[in-house]
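In what follows, a single structure is set out as structure tokens and then discussed.
The values are calculated or read from the model by the stated rules, or taken from the named source; none is laboratory data. Keep in mind it's a predicted model, so treat the numbers as computed, not measured. Cβ: placed from backbone, ideal geometry, glycine included. Neighbour counts: every protein chain shown. Areas reflect the complete protein model, heavy atoms only, side chains present, ligands, DNA and RNA absent. Shrake-Rupley method; radii C 1.70, N 1.55, O 1.52, S 1.80 Å.
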Amino acid sequence: LFLSFSLALGASTSLFAQTDSETMVRINMNNADVRTVIKWIAEQTQKNIIIDPRVKGKLSVLSSQPMTMKEAYQVFLTAMDVYGFAVVESGDNLKVIPNAQARSAGLPIMQAFEEADGRSADLVIHIIKVKNIAAAEIVTLLRPLVPQTGHLGAFPSSNSVVIADRASNIVRLSNLIKQIDDSGNFNVDVIPLKNATAKDIIQVIEPLMKRGNAKAAVQFASDERSNSLLMTGSTEARGSVR
């Protein structure tokens with residue numbers, strides 16, 4: 001079975017049905033109207049999506065390989081973020097709004113994350129209880145890692161850190177905060193990069209570190225705006241990474 005769906009302005013997608021009946025999609029949208037893209041996603045995911053009047057413009061998304069609709073939805077969320085928009089839950093519906101209004105739009109609170117959340121572009125709020133270090137100190141250290149559209153704050157009374165951001169970035173920050181808190185000190189290095197992106201460097205280094213001694217584990221995070229790599233761990237392990 002082969003199904004196809006075309007969007008205006010040269011944007012098109014192809015849907016493939018696998019033998020296990022799981023629908024696959026390849027997204028190729030070239031200079032497509034953002035509202036047309038949102039309408040297509042709403043139809044494919046059976047979600048009710050409310051569009052803010054300020055959400056306008058064109059976008060392009062290209063994929064070389066077919067993906068599941070769940071994966072396609074994450075691509076959609078990432079594309080909205082790239083073009084300055086956010087998708088926020090509102091009861092049983094979704095709202096597409098400008099990024100600047102996302103923090104005050106009633107984001108869902110995530111108590112815990114699953115492995116798949118490390119790749120999720122959903123906007124959520126997460127609260128982290130800190131035990132060994134003042135939450136305000138962690139906020140000062142990690143604030144550069146949260147984009148301007150996100151939020152990072154401290155609750156001194158409960159010594160907790162509150163983060164509002166993409167789930168994938170919160171997962172990285174949560175792991176980094178846990179590493180700092182467990183160690184009880186701020187053994188954090190910040191390494192500005194010139195010729196490669198921080199995310200690419202982390203993808204190369206992390207598998208190599210996991211093959212070594214578990215006690216020498218290093219936790220990484222990246223700051224896209226300054227293209228810097230942050231890491232915490234033992235002095236020896238951080239020296240090896242450098």
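Before moving on, here are some points about what is shown:
- Tally of residues being of a type in the set (Gly, Ala, Ser) and under 15 Å from the mean Cα position of the chain (by Cα) across segment 143-194: 5
- Scan of segment 78-96 for residues that are aliphatic (A, V, I, L, M) and more than 16 Å from Lys56 (Cβ to Cβ), ordered by number: Val88, Leu94
- Meets criteria (at pLDDT below 85 and either over 19 Å from Val124 (Cβ atoms) or open to solvent by less than 80 Å² (accessible area, probe 1.4 Å) (or both)) for Ser160: no
- Members of segment 56-72 that are open to solvent by less than 40 Å² (accessible area, probe 1.4 Å), farther than 12 Å from Val37 by Cβ and not polar (S, T, N, Q): Met67, Met69
- Counting only strands (runs of 3 or more DSSP E) that sit completely within segment 48-120, those holding 2 or more residues that are modelled with pLDDT of 80 or more and farther than 18 Å from Asn30 by Cα correspond to 49-51, 85-90, 93-98.
- Pairs are defined by a Cβ separation below 7 Å, a sequence spacing of at least 6 or placement on different chains, a first member in segment 183-205 that is modelled with pLDDT under 85, and a second member that is part of a loop (DSSP other than H, G, I, E, B); the pairs so defined are Gly184/Asn132; Gly184/Ile133.
- Checking Ile128, Ile177, Ile138 one by one, the residue that is assigned to a strand (DSSP E or B), aliphatic (A, V, I, L, M) and closer than 21 Å to Val190 by Cβ is Ile128 and no other.
- In segment 41-63, the residues that are on the phi < 0 side of the Ramachandran plot reach residues that are of a type in the set (Asp, Glu) and surrounded by fewer than 15 Cβ atoms within 10 Å (Cβ to Cβ) with C-beta atoms within less than 7 angstrom, at least six apart or across chains, in these pairs: Asn48/Asp92.
Each row is one residue, and each column tells you yes or no for (1) surrounded by 12 or more Cβ atoms within 10 Å (Cβ to Cβ); (2) at pLDDT below 75; (3) touching an Asp or Glu at 6+ places or on another chain (Cβ under 6 Å); (4) of a type in the set (Asp, Glu).
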{"position": "Leu1", "(1), (2), (3), (4)": "no, yes, no, no"}
{"position": "Ser6", "(1), (2), (3), (4)": "no, yes, no, no"}
{"position": "Ala11", "(1), (2), (3), (4)": "yes, yes, no, no"}
{"position": "Ser21", "(1), (2), (3), (4)": "no, yes, no, no"}
{"position": "Val25", "(1), (2), (3), (4)": "yes, no, no, no"}
{"position": "Ala32", "(1), (2), (3), (4)": "yes, no, no, no"}
{"position": "Lys39", "(1), (2), (3), (4)": "yes, no, no, no"}
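- Considering residues of segment 189-211 that are among the aliphatic types (A, V, I, L, M) and loosely packed, with under 12 Cβ neighbours inside 10 Å only, the residue farthest from Thr235 (Cα to Cα): Ala196
- Subset tally (residues that are in contact with a helix residue (DSSP H, G or I) (Cβ under 8 Å, 6 or more places away or on another chain) and open to solvent by 10 Å² or more (accessible area, probe 1.4 Å)) for segment 165-180: 5
- Test for Ile27: is it in a strand (DSSP E or B), among the β-branched types (Val, Ile, Thr) and farther than 22 Å from Gly150 by Cα: yes
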